[in-house]
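Some notes on the structure that comes next.
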C-alpha cells in the first residue's frame, strides 16, 4: 500500500499538531483543517494506521504518530527547510546560538554555550562530547515534559545517558546529522525518545558530537535545523 499526497499531508498535520498539544489528534480537528468531512479523514487515518504510521491509544478516539510515522516524516522534510529559514522566530533562535558561541574565547566554553542554547531553544536535553567527557544541559527541562511522568521511561532515559558517551566513541555515527527515533536508539530502546546529533570537527576530536535528546513528540524540522546549525557553527568557529 502506497501513501497518497493527501495522506502524507494528514500524517504531517497529525505529527505537528501532536507536537504542539501532546494530545491525540482527532478527525474533527483535521476535518476543519482540510475542509473535508470527518468520515473522509477517518478513512484516510485508517489507511495510515494500516501502514503503521499512526496508532490509537486505548483511552482516546484520536491518533498519535508511531516511530515509523516519525521516520517517514523526518525523511521527507527537505522541501520544508527552506521555508523555515525565512521564519523570523527561527532566525532569532539561530542568532541566539551564534552569539553564545562567538562570545566564548575557549573551545570548551563555546561548545558548552552551544549546548546550553540548544537546551533552552528546544526544551530538550542538550548534549555534546568534549574530549572524552559528555556535557549535558537541561535535564530538569527534559523531565518536565508530560511523557516523563512515567518513572519507567525516566529510568530508560537515564540508562541511555549512562551509556551514550561510550557508544558515541565506539559507533562514531558518520553522517553530518544523525537522527535516532524511539526504538532506533542503540540503548534505551523503550524510552520513547529521539536523539538528534550533529558530527563536527573540534580541537578535541575529528568526531565531536553536539545535539539534543527529547521525546519522540517534538518539532523535528526546527530542532534538526538548529542542531545542524550548531554543528556547522562550532566547526567554523573552532
Evaluate segment 161-181: report whether one residue or more is under 12 Å from residue 215 (Cβ atoms) and surrounded by fewer than 18 Cβ atoms within 10 Å (Cβ to Cβ).
-> no
Name the residue, out of 24, 65, that is surrounded by 12 or more Cβ atoms within 10 Å (Cβ to Cβ) and touching a residue at least 60 places away in the same chain (Cβ under 8 Å).
-> 65
Please verify whether segment 88-106 includes one or more residues that are assigned by TED's automatic domain parsing to the domain that holds residue 124, closer than 25 Å to residue 234 by Cα, surrounded by 18 or more Cβ atoms within 10 Å (Cβ to Cβ) and free of Cβ contacts under 8 Å to residues at least 60 places away in the same chain.
-> yes
Just one of the numbered conditions (1) assigned to a loop (DSSP other than H, G, I, E, B); (2) at pLDDT 90 or above; (3) out of contact with any helix residue (DSSP H, G or I) (no Cβ under 7 Å at 6 or more places or on another chain) is not true of residue 162; which one?
-> (1)
Options 233, 224: the member that is buried (at least 21 other Cβ atoms within 10 Å of the Cβ) and either within 10 Å of the chain's Cα centre (by Cα) or on the phi > 0 side of the Ramachandran plot (or both) | 224
Can you name the helices (runs of 4 or more DSSP H) wholly within segment 1-79 that have at least 2 residues being closer than 24 Å to residue 214 by Cα and either out of contact with any strand residue (DSSP E or B) (no Cβ under 9 Å at 6 or more places or on another chain) or not assigned by TED's automatic domain parsing to the domain that holds residue 148 (or both)?
-> 5-21, 67-75
Which residues, taken from segment 106-155, are assigned to a strand (DSSP E or B) and over 17 Å from the mean Cα position of the chain (by Cα)?
-> 129, 130, 133, 134, 135
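The values are calculated or read from the model by the stated rules, or taken from the named source; none is laboratory data. This one's a predicted model, so the numbers in the text were calculated from it and none came from an experiment. Quick reminder, even Gly has a Cβ in these numbers, built from the backbone with ideal geometry, and neighbours come from all protein chains shown.
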